[in-house]
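Written below as structure tokens is the structure these notes are about.
What follows draws every value from the coordinates through simple rules; no lab data is involved. Since the structure is predicted, the reported quantities are computational estimates derived from the model, not experimental observations. Here Cβ is always computed from backbone atoms with ideal geometry, including for glycine, and neighbour counts include all displayed protein chains.
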Amino acid sequence: MIGSGPDHTPWPAEDAARYRALGYWQGQTFGRWLTGLATAYASRTAVVGESPATRTQVRWTYSELDERAHRLAAGFAGRGIRAGDRVIVQLPNIPEFLEVIFGLWRLGAWPVFALPAHRHTELKHFAEHAEAAAIVTVGEHERHDYAAAARAVADEVPTLRDVFVVGTDEFAAMEAAEPIDLPDPDPAGVAFLQLSGGSTGLPKLIPRTHDDYLYSVRESARICRLRPDSVYLVALPVAHNYPMSSPGVLGVLHAGATVVLSPRPDADTAFRLIEAERVTISAVVPPLAAAWVQAAGRTTRDLSSLEVLLVGGAKCGRELAERIGPALGCRLQQVFGMAEGLVFYTRLDDPDELVLSTQGRPISLDDEIRVVNPDDPEASSDDVVEPGQAGALLTRGPYTIRGYYRAAEHNAKAFTRDGFYRTGDLVRFHPSGHVEVVGRVKEQINRGGEKVAPEEVENHLMAHPEVLDAAVVGVADEYLGERTCAYVVPVEDAKPAEADLRRFVRERGVAAFKIPDRVVVVDHFPVTGVGKTSKRELRAVLAAQAKEG
Ligand code: OOB
């Protein structure tokens, strides 16, 4: 069976049977699902956005999107893409994103969702780790030549046979292929690989199935009360799990509503589109919410159509939460989720106090939740804290993975023996069942929703000939929640400059959000504990020092 090999950890048979019996897993695939939507909502507008092919705003109906996906699936097949092939998709917020992913899904190929911010190092890692067959990307966009970057990776990774560039004549020819009959993939098999924020090293790959993901999409659409006349603005990068499915573009399609793709997240661009398209709902990370709140005070745009703004990806502070409704004239909905699965939402009829102060309740009654001893990284699912106390969040359920893709060693740490995922988040539950994220036990920096693994950045810094050792920590920041600060010990007699070290990391080809916001060169690291120093302890000491001043 596709996707059930040693590469990925399927749900145990008895759990799978239960999720089917409960109607959560419906045996539906993305390809057939879209065809069903095209039958139900044929002439309604599915997606609005700027196409690089025409350089104009295009509007595709559900029928058009479905037909394009059929044709492009044939186009991919004609170029040798097969069921089970991994295909890296690195696209900005353009309508072709949907055509591409549904085209691949129809074939049973697996999109691997890279973000536009990713550069050579990350792309190469995804390509090697997934043994990807191809990359789908664009040409020049926001002053970066994506096609050239993809080709450079293809030159180094032998499995990569092709680079497909949206907007070229060659791609247009694939889009014009005659549709062909294709066998439907296994709904219980892997549909795509999403990226983890990573707490150690480079992002892990997250295998999600048609069955499990579609369940979370349907429920998200219901919880966010999407209707056929909803209009959802995608302000964040569309390939991220949050704007993709919480409720995201897929939730919007499920409701027969309209997706509007914003090329950029800034308030000017977003407000222009909210006014022009009568947007009813959008989703942002806290720093972007703060920027929109500020811009709302001086805008001349009509934002009156906006009913709901989802805020998540990082903790939304109480003060910001209170300003959103009055400034933007909409209801706040908090969302706390993870690409590995589990998602919490405040409900639209929750009392204001809970909407302002919590991150909501899980999607499913069958999301199993345990709050365990936060001091033991190996705590079992039985090691629970007293009700109402803060602890480490573990979860298992109908849309949470049981293992990362090709990561047996890491899986042994990231999951309990009985299959609970260690989210790394420190939470507390209110008597109402609402969760409050109070911190983190994992070594991950949350830079305004963008996740940075300290170890990955340390490794880049340590590749510098003048750097002996490095430790990267998060420091509190009013705007982003956290920024990164790198402490660096130079080799003897060397005096590397902060700017040089930042440039060095950038030139290693990593996403801009991973370049340390600050670099502090120190003679030596503070001594932590007794004997051998662990990086973990060291980071804790440095983070405490940074806090003091
Ligand atoms: C979303 O997904 P990821 O995979 O980029 O990051 C997940 C992590 C969580 O484990 C948590 O540490 C943090 O991001 N997080 C929040 C949060 N939402 C996410 N921390 C505090 N408060 C929140 N509201 O970020 C993601 C995926 C689906 C929906 C929404 C966000």
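Tabulated values for the structure
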item	result
Any hit, region 279-300, residues being in a loop (DSSP other than H, G, I, E, B), closer than 26 Å to residue 62 by Cβ and more than 13 Å from the ligand (Cβ to nearest atom)	yes
Conditions (1) farther than 30 Å from residue 293 by Cα; (2) out of contact with any helix residue (DSSP H, G or I) (no Cβ under 6 Å at 6 or more places or on another chain): number failed by residue 481	(1)
Hits in region 423-446 - residues which are more than 30 Å from residue 349 (Cα to Cα) and not acidic (Asp, Glu)	441, 442, 444, 445
Hits in region 186-206 (condition: charged (D, E, K, R) and either crowded, with 21+ Cβ neighbours inside 10 Å or within 17 Å of residue 237 (Cβ to Cβ) (or both))	204
Subset of region 343-387 (residues that are free of Cβ contacts under 8 Å to residues at least 60 places away in the same chain and under 21 Å from residue 307 (Cα atoms))	349, 351, 352, 353, 355, 356
First in region 440-460 and under 18 Å from residue 240 (Cβ atoms), second anywhere and within 15 Å of the ligand (Cβ to nearest atom) and of a type in the set (Phe, Trp, Tyr), Cβ under 7 Å, 6 or more apart	447/513; 450/513; 452/513
Matching option when the condition is more than 24 Å from residue 202 (Cβ to Cβ), β-branched (Val, Ile, Thr) and within 20 Å of the chain's Cα centre (by Cα), among 427, 437	437
Selection within region 167-193 - of a type in the set (A, V, I, L, M, F, W, C), part of a loop (DSSP other than H, G, I, E, B) and touching a strand residue (DSSP E or B) at 6+ places or on another chain (Cβ under 9 Å)	188
Test set (1) more than 19 Å from residue 117 (Cβ to Cβ); (2) out of contact with any Ser or Thr (no Cβ under 9 Å at 6 or more places or on another chain) - residue 481 fails condition number	(1)
Residues of region 335-356 that turn out to be more than 7 Å from the ligand (Cβ to nearest atom) and among the β-branched types (Val, Ile, Thr), as a count	2
Search result, residues across region 272-294 that are farther than 20 Å from residue 237 by Cβ and buried (at least 17 other Cβ atoms within 10 Å of the Cβ)	275, 280, 293
Counted residues, region 465-476 - those being more than 20 Å from residue 540 (Cβ to Cβ) and out of contact with any Lys or Arg (no Cβ under 9 Å at 6 or more places or on another chain)	3
Residues satisfying the stated conditions in region 194-248, i.e. part of a helix (DSSP H, G or I), among the small types (Gly, Ala, Ser) and within 19 Å of residue 114 (Cβ to Cβ)	245, 248
Within region 368-476, strands (runs of 3 or more DSSP E) holding 1 or more residues that are touching a strand residue (DSSP E or B) at 6+ places or on another chain (Cβ under 8 Å) and within 12 Å of the ligand (Cβ to nearest atom)	391-396, 421-429, 435-440, 445-447, 450-452
Candidates 423, 395 - the one that is crowded, with 19+ Cβ neighbours inside 10 Å and out of contact with any Pro (no Cβ under 9 Å at 6 or more places or on another chain)	423
Selection status of residue 502, among the basic types (Lys, Arg), surrounded by 14 or more Cβ atoms within 10 Å (Cβ to Cβ) and assigned to a helix (DSSP H, G or I)	yes
Filter result for residue 482 (over 23 Å from residue 391 (Cβ atoms), within 16 Å of the ligand (Cβ to nearest atom), under 24 Å from the mean Cα position of the chain (by Cα) and of a type in the set (Asp, Glu))	no
Counted residues, region 310-327 - those being buried (at least 24 other Cβ atoms within 10 Å of the Cβ) and more than 10 Å from the ligand (Cβ to nearest atom)	1
Members of region 367-386 found to be farther than 23 Å from residue 15 by Cβ and crowded, with 18+ Cβ neighbours inside 10 Å, listed by number	374
Subset of region 388-411 (residues that are polar (S, T, N, Q) and either without any contact (Cβ under 8 Å) to a residue 60 or more places away in the chain or closer than 18 Å to residue 375 by Cβ (or both))	389, 395
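Yes/no per residue for (1) touching a residue at least 12 places away in the same chain (Cβ under 8 Å); (2) out of contact with any His (no Cβ under 9 Å at 6 or more places or on another chain):
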| site | (1), (2) |
| --- | --- |
| 122 | yes, yes |
| 135 | yes, yes |
| 140 | no, yes |
| 148 | no, yes |
| 152 | yes, no |
| 160 | yes, yes |
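Residue by residue, here is whether (1) closer than 27 Å to residue 118 by Cα; (2) without any contact (Cβ under 8 Å) to a residue 12 or more places away in the chain; (3) of a type in the set (Phe, Trp, Tyr); (4) outside any loop (DSSP other than H, G, I, E, B) holds:
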residue: 7; (1), (2), (3), (4): yes, no, no, no
residue: 27; (1), (2), (3), (4): no, no, no, no
residue: 39; (1), (2), (3), (4): no, yes, no, yes
residue: 60; (1), (2), (3), (4): no, no, yes, yes
residue: 64; (1), (2), (3), (4): no, no, no, yes
residue: 70; (1), (2), (3), (4): no, no, no, yes
residue: 75; (1), (2), (3), (4): yes, no, no, yes
residue: 101; (1), (2), (3), (4): yes, no, no, yes
